[in-house]
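So the structure is just underneath, and the comments pick up after that.
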Amino acid sequence: MTMNVAFYARVSSEQQAQAGTIDSQVAGLRERIKNDGYTILKENEFIDDGYSGSVLTRPALERLRDSAASHLLDKLYVHAPDRLARKYAYQYLLMEEFSRFGIEIVFMTNQPGNDPESELLLQVQGIISEYERTKIMERSRRGKLHAAKQGSPSVLSSAPYGYRYIAKRDNGAVIYEINEKEAVVIRQLFSWVGQERMSINAATKRLTEMRFSTPHGKERWNRGSVHRMLKNPAYKGTAAFGKTKCVPKKSRLRAYKGQSLQSKSVCSVERKEKEEWILIPVPAIIDESLFETVQAQLEENKRLKRQRMTGVRYLLQGLVVCNLCGYGFCGNTATGYRKHNYYSCGGTRVYTNRDRRCDTPSVHANILENIVWEEVKNLLKNPHYLEKEYRRRIKELENNSNKNECDKLNAEKIKLENCISRLIDSYTDSLIEKAEFEPRIKSYKKKLFILEQKIFELISSEIQQVDLQMLIGKLETFSITVKQKLENVAWQDKRNIFEALIKQVEIGRENVNIIFRVSPYPSRNNSANLLEDCRMSANTRISDFHDLSR
């Protein structure tokens, strides 16, 4: 019988992934599988680059668990238990799940046996590893905090533009040393903004024109980098430690281009209040008075500028995607004689090589938002879109519903359970050996699981059919209620409706595709989404409102 084998590999940071430590894991796993006499398929290689083991939502691990649940695997190779998860509870959950699906787990290090003592040893090792990791992290945090309060730059680990980070010497001290070539740029930048009252955009443009090298050695300066430099208190002689903090990870509206919806980071970063910073003395590049003058000028620029909207500024922000290159559309405001908002593809931006990645024209925001809003209103006012989809699903369920098939599967299940019972009795009475018993019981249990899944699907289809029939009866009442409230909807309410109903809006050369995500069970958080994304095309051609921002 062919053995379906797989392996799982993981590293917990981008630095490790770039350093190639994941390659050494993969090479070792492939060699071990080859030495054991197996051949592995490409689709059975599950690799998570740069994902933390403290979370379970990892793309490759999700695919591995799906394959295990579908009984597509017989044997799983892993370098060590901590590659599955860093937390012992997660390790135990995954190992128990794989064992339940009849998958044999092989660890390259500390391979456990099947006896209770080996399982206990593995559990103890997992608990101790998690304890040691937590203890090291806490010691590191307290050590950095103590060093920062003592005024040591070592906790900063690197120096900003204008300085060199000098590691520990004979006296054991870490220091910042001024880089005179870069310090000239810093002094010039603060002079432009603080004394000439130049804007950040103008200062950024001048730095590029004067061909000063950026912190990364490039010629083109970025406005965000310049702004951060102007706000950095290290240049006046007091570097700051602890300016940010980790908060629970914020959910995404959609996956970024070329990335998974699951983020590699386990938390989001937010800035702390200045009162919480710990200041560390370093050599000053500019006078403190000039630094404070620049801060006052930046605040003045804020006040002179029109009142800025914070957070979401455009109704479809984060929901519009280019159908040609896959990049997201960004909201922008055009000033001048015809002031208006528009959406432009992120792939059309001009980069340092002067090449564009996409040539999709920008679209007028108001027209696009009105088109999408009309489609949303049509969906809510005329729920025949949903009714049509529901009736199609009911028809499928009726065609698939077969009482005779369910009875036949139940009979097979009873017969299989009797076989398992007789096999266990034979083993208990020492009529068969363990080597013969284990593969047979494993095969029987796998067949039993598949039968139970088929029976469950048939029963579930009957329940879904009843639920869908009840839902269709309520659509008409819902339509009458909604019609009276959609004509005068506030801006924020529109935004909330868009986020709830729309998965994404795809902009192509000739049309707009609105992909809805509508659950047939809005009041059941734990229900499966029976209605797949419904794709419908707006009746307005995209050429009718292209290039209005130019």
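Please treat every number below as a calculation from the coordinates, not as lab data. Everything quoted here is computed from the prediction, not taken from an experiment. Every residue, glycine among them, receives a Cβ derived from its backbone with ideal geometry; neighbour counts consider all protein chains shown.
Before moving on, here are some points about what is shown:
- Asn488-Thr57 FRET efficiency (beta carbon distance; Förster radius 41 Å; 0.05 resolution): 0.55
- Thr428, Thr208 arranged by Cβ crowding within 10 Å, fewest neighbours leading: Thr428, Thr208
- Using a simple spin-label model with pseudo-atoms 7 Å out from Cα toward Cβ, Leu72 and Lys245 lie 4.4 nm apart.
- Sorting Leu431, Leu189, Leu416 by the number of Cβ atoms found within 10 Å of their own Cβ, with the fewest placed first, yields Leu431, Leu416, Leu189.
- Additional length obtainable on full extension of the chain from Cys358 to Ser199, 0.36 nm per residue less Cα span: 54.2 nm
- Rounded to 0.05, the FRET efficiency of the Leu93 and Ser268 pair, given R0 = 22 Å and the Cβ-Cβ distance, is 0.30.
- Protection proxy ranking for 267-277, 358-368, using the average of other Cβ atoms within 10 Å per residue and placing the highest first: 358-368, 267-277.
- Fewest-first sequence of His79, His340, His216 by Cβ atoms within 10 Å of each Cβ: His216, His340, His79
- Residue ranges 235-244, 291-300 sort as 235-244, 291-300 when ordered by packing (mean number of other C-beta atoms within 10 Å per residue, highest first).
- With the simple spin-label model, which puts each label point 7 Å out from Cα in the Cβ direction, the Ser140 to Thr39 separation comes to 4.3 nm.
- Two-site label geometry, Leu324 and Ala296: point separation in nm, points 7 Å out along Cα→Cβ: 5.0
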